[in-house]
Amino acid sequence: MLPGFIGLLLVGVVLSFAVERTGKLYLAIGLHCGWVFSLKISSLFGDINRQQLGWLFGAGNPKIVSGVATWVAILLTGAAVHYLTKNRAVRSSDLPHAATA
């Protein structure tokens with residue numbers, strides 16, 4: 001259960017980081033949709049059930065985010081978000097403020 005929690009925590013951190021960097025939900029929604037889509041079509045490329053290498057690819061439930069290889073891929077996605085949005089990071093001075101009376 002702990003490996004699945006760590007994986008889901010990393011997914012949440014990367015998605016919230018994408019929202020923080022862009023100030024919009026579009027990138028986080030796109031990342032989540034891409035991850036779900038890739039998981040749905042992964043069975044087309046063969047059996048992903050690897051019991052002997054469970055620590056690497058995930059073996060428990062949820063097996064999708066409980067392996068070290070998945071954690072590395074999630075962290076690489078976070079690094080890509082950081083690199084691709086480095087000039088678009090939302091600063092507090094860019095946010096609209098309520099008019100003061």
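Laboratory data are not the source of any read-out in this text; all were calculated from the coordinates shown. Values in this document were obtained by computation on a predicted structure and should not be read as measured data. Positions of Cβ are generated from backbone atoms using ideal geometry, with glycine treated the same way; all protein chains shown enter the neighbour counts.
Arranged from fewest to most other beta-carbon atoms within 10 Å of their beta carbon, Ser38, Ser66 become Ser38, Ser66. Across segment 30-37, coupling constants 3J(HN,Hα) worked out from phi with the 6.51/-1.76/1.60 Karplus curve, θ = phi - 60°, read x, 4, 5, 4, x, 5, 5, 4 Hz, and Gly and Pro carry x. Between Val65 and any residue 5 or more places off or on another chain, the built amide H atoms are never under 5 Å apart.
The simple spin-label model puts a point 7 Å past each Cα toward its Cβ; for Leu56 and Ser38 those points are separated by 1.8 nm.
Counting beta carbons within 10 Å around each of Tyr83, Tyr26 and listing the fewest first gives the order Tyr83, Tyr26.
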